[in-house]
Amino acid sequence: MSLRLSGFFAVATTWILDHAKRPVILLCAVTVTSGLFSAFLVNDAICLVLAPLVLELTRRMGRKPLPYLLAVAMASNVGSTATITGNPTETL
C-alpha cells in the first residue's frame, strides 16, 4: 500500500513501458528481476511487491497477466535458493 501511495508503481510502470517495447522483453525482465531480488530478500516479499507492478504493466500493455505472474512466482523460487537469505527454510 505504501508503495502505491508513494507513486512507486506509477514511476516504475512508466519507466518500464518506455524501455520494454515487446512482451518477450517484459517477460525476460520480470523473470530476471524476480530471481535476482529473491536471492537477497525473502521470496514472499518479492512476489507481494512485484505482483501489483506486473498487473499494472500487463493491463497497460493489453496483455494477459498470467504468464508474467507465473514468471514472478517461479523465478522467485529459483532465485531464493541461491542464498541463505532468500529462503529462510534453508537456515536449518
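The values are calculated or read from the model by the stated rules, or taken from the named source; none is laboratory data. As the structure is a prediction and not an experimental result, all values here were calculated from the model. Methodologically, a virtual Cβ is constructed for each residue, glycine included, from the backbone with ideal geometry; neighbour enumeration extends over all protein chains shown. With ligands, DNA and RNA removed, areas are computed over all heavy atoms of the protein, side chains included. Shrake-Rupley method; radii C 1.70, N 1.55, O 1.52, S 1.80 Å.
Listing for the model above:
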| read-out | value |
| --- | --- |
| Residues of segment 21-59 classified as polar (S, T, N, Q) and farther than 14 Å from residue 74 by Cβ, total | 1 |
| Single residue of 77, 87 found to be at pLDDT below 85 and either among the acidic types (Asp, Glu) or surrounded by 14 or more Cβ atoms within 10 Å (Cβ to Cβ) (or both) | 87 |
| Check on residue 43, at pLDDT below 85, over 14 Å from the mean Cα position of the chain (by Cα) and buried (at least 18 other Cβ atoms within 10 Å of the Cβ) | no |
| Selection count where residues are open to solvent by 70 Å² or more (accessible area, probe 1.4 Å) and not basic (Lys, Arg), scope segment 15-40 | 10 |
| Residue 4 being modelled with pLDDT of 85 or more and charged (D, E, K, R) | no |
| Members of segment 1-48 found to be of a type in the set (S, T, N, Q) and farther than 15 Å from residue 71 by Cβ, listed by number | 2, 6, 13, 14 |
